[in-house]
Amino acid sequence: MTEELPQETEKSPVKHKEQSLAKKDDKPKRFVEKGRDVVFDSKTRVYWLKKDSWQDKGKFFNWHEAVDYSDKKNMRKIGGYDDWRLPNEDEVTSLYDESCENPGKGGVILNLDPVFPEGAFKAEWIAGDTSTRRPRFDYSQGKIVYVEEYSFGSVRICRKDKVIKDQSRPRRR
């Protein structure tokens, strides 16, 4: 009788693991690809370009060039939108996930969902103005660092999903 208990204990985690895997597959995905260039985060309702500027252009940008990069994407209406911008602190930190390992430029491990292609640069510019020091988020360390605005880096631009008011409800008089 005591020999059967370890067998049941050994089988239980397997069953539990299989059930939890099935449940994970049933859940809606957080990151949804919207065409070849755009990823939608259903949790934060933010759209992201799949590639960062390093992956897109093959060169590093300082903070000012990162802002120009988003302006140029807006002129071209990438993904059908013209309101791309540098992300804020909350948006950029929401992408950081310690459970994810995504190989970045130079083999650095980034804690970024695999929906984003491999090879991104680890330090991404963020919107923010603190005289000549600008914020960047480090996806390998999970923290914001302030560096000189002409330092090299990369940017993954985003846009916020528009809130659509329900027009079918009658207006109050």
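Points worth noting:
- Where labels lie 7 Å past Cα in the beta-carbon direction, separation of SER99 and ASP82 in nm: 4.0
- Tensor-based shape of region 31-160 (alpha-carbon gyration tensor, a/c under 1.5 rounded, otherwise prolate or oblate): rounded
- Potential lengthening between ASP71 and GLN141 on full extension [0.36 nm per residue; Cα-Cα distance subtracted]: 22.4 nm
- Arranged from fewest to most other beta-carbon atoms within 10 Å of their beta carbon, ILE157, ILE78 become ILE78, ILE157.
- Placed amide H near ALA120: partners under 5 Å, 5+ positions off or other chain: LYS105
- If R0 is taken as 22 Å, the Cβ-Cβ distance between ARG36 and ASP161 corresponds to a FRET efficiency of 0.70.
None of the figures in this text is laboratory data; all of them are computed from the coordinates on show. Quick caveat: nothing in here was measured; it's all calculated off a predicted structure. Methodologically, a virtual Cβ is constructed for each residue, glycine included, from the backbone with ideal geometry; neighbour enumeration extends over all protein chains shown.
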